[in-house]
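The values are calculated or read from the model by the stated rules, or taken from the named source; none is laboratory data. Please read these numbers as outputs of a predicted model, since none were measured by experiment. Positions of Cβ are backbone-derived with ideal geometry, glycine not excepted, and every protein chain shown enters the neighbour counts. Only protein heavy atoms, including side chains, enter the accessible area calculation; ligands, DNA and RNA are left aside. Shrake-Rupley method; radii C 1.70, N 1.55, O 1.52, S 1.80 Å.
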Amino acid sequence: MKPAVILLGMMGSGKTTVGRMLAETRDVEFQDTDAILSRRLGRSIPAVFDLYGEEAFREHETAVLRSLEPASQVVSTGGGIVLAASNWVEFRRLGITIFLDVPVDVLVERLATARRRRPLLEVEDWQTRLRDLHAARLPLYRQADLNLECGSGSLEETLESLQTLIGDRA
Ligand code: S3P
């Protein structure tokens, strides 16, 4: 069995979109930690944040990750999953991690239209918040096994680069 491909990166970096395409191309299952969490709790991610707060969200996120079985699959994650050191133990158990490295200016541009679904950006100066989160998390994302600089090309180009990067690792 080949290891799972786990996509890491900021909100708006395309983990879910690219991950879904990658899974389809490789003919493997696609998993999304946010979607699993939301399904389990029967609430949207913003509702989970509203009702229980970020700390509880993070606990559920870790529980979701722990419940995944090693398999040939693509796993898309929430942007903050890299924060808990114990999550890295689970990543290693499951497969290889890839950081989708998108320049923060591109993230700002993308999230200008989509930020409302992101509870952490529901603040007045969301751009500064995003830049701060990006700067704080960058050293963590860089701990991934592989790094893919993307954000300028089309989705198809990103997918192709991703496939090349993975090679026969997964
Ligand atoms: C978060 C990113 C979100 C979601 C939650 C927290 C984060 O996922 O998990 O809102 O801390 O960056 P996406 O990265 O899919 O937007």
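Structure above, values below:
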{"item": "Furthest towards positive pole of dipole, LEU111, GLY80, ALA144, structure part segment 4-162, Cβ charges", "result": "GLY80"}
{"item": "Over segment 4-162, equivalent-ellipsoid semi-axes from the Cα gyration tensor in Å", "result": "22, 20, 15"}
{"item": "3J(HN,Hα) from dihedral phi, segment 17-26, Karplus parametrisation 6.51/-1.76/1.60, rounded to Hz, x for glycine, proline", "result": "5, 5, x, 4, 5, 4, 4, 5, 4, 8"}
{"item": "Relative compactness, segment 50-94, computed as alpha-carbon Rg over 2.2 N^0.38 Å", "result": "1.18"}
{"item": "Accessible area expressed per residue, the chain, with surrounding protein chains retained (probe 1.4 Å, Å²)", "result": "51 Å²"}
{"item": "Residues whose placed amide H lies under 5 Å from that of GLN73, excluding near-sequence neighbours", "result": "ALA4, VAL5"}
{"item": "Net charge of neighbours whose Cβ lies under 12 Å from the Cβ of ASN87, counting Lys and Arg as +1 and Asp and Glu as -1", "result": "+1"}
{"item": "Potential extension, VAL108-THR25 segment - 0.36 nm per residue separation minus Cα distance", "result": "27.0 nm"}
{"item": "Spin-label pair TYR52/ALA135, simplified geometry with 7 Å Cα→Cβ offset, distance in nm", "result": "3.2 nm"}
{"item": "Global form of segment 15-103, assessed from the alpha-carbon gyration tensor, a/c cut-off 1.5", "result": "prolate"}
{"item": "Inter-site label distance for SER161 and SER44 at 7 Å from Cα along Cβ, in nm", "result": "3.2 nm"}
{"item": "Prolate/oblate/rounded call for segment 122-165, Cα gyration tensor, a/c under 1.5 rounded", "result": "oblate"}
{"item": "Accessible area of the chain belonging to carbon and sulfur atoms, whole % at 1.4 Å probe", "result": "48 percent"}
{"item": "Net charge over other residues, Cβ less than 12 angstrom from the Cβ of GLY151 (K, R count +1; D, E count -1)", "result": "-4"}
